[in-house]
Amino acid sequence: MIAGRRRPGTSATARRDVGHLTDFTATPRMLFIAALAVPIGALGGCAAWALSRLIALITNLVWYQRLSADPVSAGATHHNPLLILGARPGS
């Protein structure tokens, strides 16, 4: 821009209209989607809990030969040293 010259249709005090650039409005659709997110999140948490219990059950059945879904620390019991040989072919 050359000093003293302005583009046509502009003034020294004119501001750009940037209202259309904002995206901070809460519409009823956004509230509906947020309301759907609550039960979906709760179902996801329940599924995670159920999968965790299922993993504990299968671990107890395979490694400790007992029917329980209580998680067991692997370091709390003694394991056969030959267990290392079975770990590689099974992976």
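Odds and ends about this structure:
- Qualifying residues in the stretch 41-67 (those that are of a type in the set (Val, Ile, Thr) and surrounded by 10 or more Cβ atoms within 10 Å (Cβ to Cβ)) - the one nearest to the chain's Cα centre (by Cα): 55
- Residue match in the stretch 59-72 (condition: at pLDDT below 70 and in a loop (DSSP other than H, G, I, E, B)): no
- Selected residue [open to solvent by 100 Å² or more (accessible area, probe 1.4 Å) and at pLDDT 80 or above] from 29, 6, 88: 29
The values are calculated or read from the model by the stated rules, or taken from the named source; none is laboratory data. Every value quoted in this text rests on a predicted model; they were computed, and no experiment measured them. In this analysis, Cβ positions are derived from the backbone assuming ideal geometry, glycine residues included, and neighbour counts consider all displayed protein chains. Accessible surface is based on the protein model in full, side chains and every heavy atom, while ligands, DNA and RNA are left aside. Shrake-Rupley method; radii C 1.70, N 1.55, O 1.52, S 1.80 Å.
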